[in-house]
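The values are calculated or read from the model by the stated rules, or taken from the named source; none is laboratory data. On a predicted model such as this, the values are computed, not experimentally measured, just so you know. Every residue, glycine among them, receives a Cβ derived from its backbone with ideal geometry; neighbour counts consider all protein chains shown.
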Amino acid sequence: MKTYRRNRQHLIKDRLMVYAVFFIVPIILFLIGSNIYATYLLRRQVASSDENTVKLYAEKIDKNLSGIKNYLISLGDSLAMKQLAAARDYDQKMLAAYQIKNEFQEGFSLYDGVIDGLFVYEPSDEIYMKKTAVVDTIKELEEIETQIKKIIEEDTELQKQIVAKWFDVRIGTHYYLLRIYHTHGVYYGSWSNLERMLEKVITIPIENAENVLILTKEKEPLTIEERYYSKDIEWRDHFSEYYLTGTDDRYLVIGEPIEEGEYFFVAMILDQNIHKGAWLFTGFMVVLIGISVLLLWMFIRYSKKEIAVPLERVVNVMEKAETGDLDVVLPEESHTKEFGILNVSFNKMLKEIKHLKIKVYEEKIQKQKAQLDFLQIQTNPHFFINAMNVVYNYARLNNMEMVKNMTLSLVKHFRYTLYGETWVFLEEEVEFIQNYLHLQKLRTANMSNIEIEIEIPQELMKERIPIMIIQPFVENSIKYGESEKEVLKILVEAAKENDILQICIRDNGEGFENEILEALNQGKQVIREEKKRIGIQNVRSRLSILYGEEAHLSFRNGECGGAIVEIKISKTACVRRNRLEEKNERINY
């Protein structure tokens, strides 16, 4: 019946939620999908339009660089260049250098605005002639001259690029493209300011582009703006198609290669600029999605508050009452008339049951608690006296290390037995057993031939069991199973199967005598040497009080000898234990 009620509860609650989700979520998904698709179409349209422009400008830059290269090659074959290379005295070289400088005008006329300067340099006599197309500051021209001479005379890495290809250098706050040729000891070439080159080439601005950049083949942007060096900006190995990058600022990146210089021409389009015309549509979508989410939230909140929560509260209270908790009540005021009537009737029923049963039940609990307290504090006075005598003997021999060791172990032993809780973790009982064996070995010299093995899975170490239900059987194995001829092995095992916790204590001793085994399995008091043995009876009594018939204690001898004790506790016994704990706490309060 409990399972049926639980399933019915979940069905009502879950179906309400499912109906709400199936009604609202498709609308939300449609609105979100429409907005995403519209954004995609708009972005694709802008990219398609700008891709052609980017490709056109990339080809234009490539054509200019190729033209400058051809011009420089033809300049190297000029008569003045040959005369400069063949001249032997300084005056002849200067005359030839001036003639070359005059020929630079042709390059400026062909590539107006693309070439910023031309130079010729003869290192042996340090003859350096230049001609510029723009008015640069003297400092800038000096820095350019210094950089060119450094490349030619000192920089081995950049010397490899002379003649071979274009290369870029940063001078001050500007990037320059340089091309240098070498013929018969004479160096000549050109430089171009990238910013001015782009301004000259890009006659019509690229739509929505925030900036245009030149990238090296290593994907290094030739600009001083730090934001383009951010890790958030991704530069891909190729620009076959546009892509989005960036986190705070999203950019649509469109690029084309510049074959002549092994560079890339890239347009950076701020993604939010693309959507300026779509803000109204996006805002409308956001409002619709917000309204849909609000309606869904209101419906779920209302159904949970008015139906699911009251129904779940009724079921939970009924389950608690079923386990014996008669103090639970349902609120008598409810927004729903049906739940109000149900709650009032249920509370009256619980009160009547409580008045009929509470007195008898609490008296029984009190009696059980008194019995438990008495059984739990029982200890072996003989063991205590012997242990204290051993401590005294160690102290008399001035063996303080053994005194400390013995005293510490005794403190652990008696703290556990006298002040321990009614229930402990299985791992705590194992530690207590190991400490008990340690005490026995300290107390008696012939205990070295005793071994205890623990075979308990780690996940069962946190199972709750009554305190000292294993130790008495280990103690009996030591008392009656010890032999001077061989090692006494005691094995403590635990397993859980079908919600039944099984604890087994076995040894390789002589086992139980037939009469004692019969008495133990019949639950009778065992008498040895005219003395009652209360250890086993103590465990049996505590299991009966705590678990009733849900715990079972059995004894047998192994096929190869030795005594075997089994303790079984079912899952329903754990429920009974929890109920007893709660009642004890309430009575004490």
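Quick check: anything in region 51-70 exposed (fewer than 15 other Cβ atoms within 10 Å of the Cβ), modelled with pLDDT of 85 or more, over 30 Å from GLU241 (Cβ atoms) and of a type outside the set (D, E, K, R)?
Within region 51-70 (the criterion being exposed (fewer than 15 other Cβ atoms within 10 Å of the Cβ), modelled with pLDDT of 85 or more, over 30 Å from GLU241 (Cβ atoms) and of a type outside the set (D, E, K, R)), the answer is yes, since at least one residue qualifies.
Does any residue in region 138-154 that is closer than 17 Å to HIS182 by Cβ come within less than 6 Å, Cβ to Cβ, of a residue that is assigned to a helix (DSSP H, G or I) six or more places away or on a different chain, and which pairs are these?
ILE151/LEU158
How many residues does region 99-122 hold that are of a type outside the set (Gly, Ala, Ser), touching a strand residue (DSSP E or B) at 6+ places or on another chain (Cβ under 7 Å) and assigned to a helix (DSSP H, G or I)? Walk me through it before giving the result.
We begin by selecting, within region 99-122, every residue of a type outside the set (Gly, Ala, Ser); these are 99-106, 108, 110-112, 114-116, 118-122.
Cutting the leftovers down to touching a strand residue (DSSP E or B) at 6+ places or on another chain (Cβ under 7 Å) gives us 100-101, 104, 114-116, 118-122.
Then drop every residue that is not assigned to a helix (DSSP H, G or I), which leaves 100-101, 104.
Summing the residues that are of a type outside the set (Gly, Ala, Ser), touching a strand residue (DSSP E or B) at 6+ places or on another chain (Cβ under 7 Å) and assigned to a helix (DSSP H, G or I) in region 99-122 gives 3.
Could you tell me whether region 74-93 includes any residue that is among the aliphatic types (A, V, I, L, M), at pLDDT 85 or above, under 30 Å from ILE254 (Cα atoms) and in the same structural domain as TYR181 (by TED's automatic domain parsing)?
no
Among the candidates ASP91, ASP125, single out the residue that is in a loop (DSSP other than H, G, I, E, B) and more than 26 Å from MET268 (Cβ to Cβ).
Details: ASP91 fails: in a loop (DSSP other than H, G, I, E, B).
Answer to the check: ASP125.
Applying the selection to region 559-576, what residues are at pLDDT 55 or above and not in a loop (DSSP other than H, G, I, E, B)?
If we filter region 559-576 for residues that are at pLDDT 55 or above, which is where we start, we get 559-574.
Of everything in region 559-576, those that are at pLDDT 55 or above and not in a loop (DSSP other than H, G, I, E, B) turn out to be ALA563, ILE564, VAL565, GLU566, ILE567, LYS568, ILE569, SER570, LYS571, THR572, ALA573, CYS574.
So in region 129-149, with the set limited to residues that are part of a helix (DSSP H, G or I), of a type in the set (Val, Ile, Thr) and surrounded by fewer than 16 Cβ atoms within 10 Å (Cβ to Cβ), which one is modelled with the highest pLDDT? Please lay out each step first, then the result.
Applying the first criterion (part of a helix (DSSP H, G or I)) to region 129-149 yields 138-149.
Adding the requirement that they be of a type in the set (Val, Ile, Thr) leaves 138, 144, 146, 148.
Now narrow it down to the ones that are surrounded by fewer than 16 Cβ atoms within 10 Å (Cβ to Cβ): 138, 146.
Numbers: ILE138: 82, THR146: 87.
Going through the qualifying residues, I end up with THR146.
If the requirement is being in a loop (DSSP other than H, G, I, E, B), touching a strand residue (DSSP E or B) at 6+ places or on another chain (Cβ under 6 Å), in the same structural domain as ASP112 (by TED's automatic domain parsing) and closer than 23 Å to SER66 by Cβ, which of these qualifies: ILE214, ILE206? Let's see the steps before the verdict.
Values: ILE214 fails: in a loop (DSSP other than H, G, I, E, B).
Answer to the selection: ILE206.
Answer yes or no as to whether ALA519 is hydrophobic (A, V, I, L, M, F, W, C), in contact with a helix residue (DSSP H, G or I) (Cβ under 7 Å, 6 or more places away or on another chain) and at pLDDT 80 or above.
On the way: hydrophobic (A, V, I, L, M, F, W, C): yes; in contact with a helix residue (DSSP H, G or I) (Cβ under 7 Å, 6 or more places away or on another chain): no; at pLDDT 80 or above: yes.
When the stated conditions are applied, ALA519 does not pass them.
Would you confirm whether any residue within region 538-558 is modelled with pLDDT of 85 or more, out of contact with any helix residue (DSSP H, G or I) (no Cβ under 9 Å at 6 or more places or on another chain), outside any helix (DSSP H, G or I) and not hydroxyl-bearing (Ser, Thr, Tyr)?
Yes, the conditions are met somewhere in region 538-558.
Please pick out the residue among VAL424, VAL411, VAL391, VAL474 that is over 24 Å from SER544 (Cβ atoms) and surrounded by 13 or more Cβ atoms within 10 Å (Cβ to Cβ).
Values: VAL424 fails: over 24 Å from SER544 (Cβ atoms); VAL411 fails: surrounded by 13 or more Cβ atoms within 10 Å (Cβ to Cβ); VAL474 fails: over 24 Å from SER544 (Cβ atoms).
Result: VAL391 is the single residue among VAL424, VAL411, VAL391, VAL474 that is over 24 Å from SER544 (Cβ atoms) and surrounded by 13 or more Cβ atoms within 10 Å (Cβ to Cβ).
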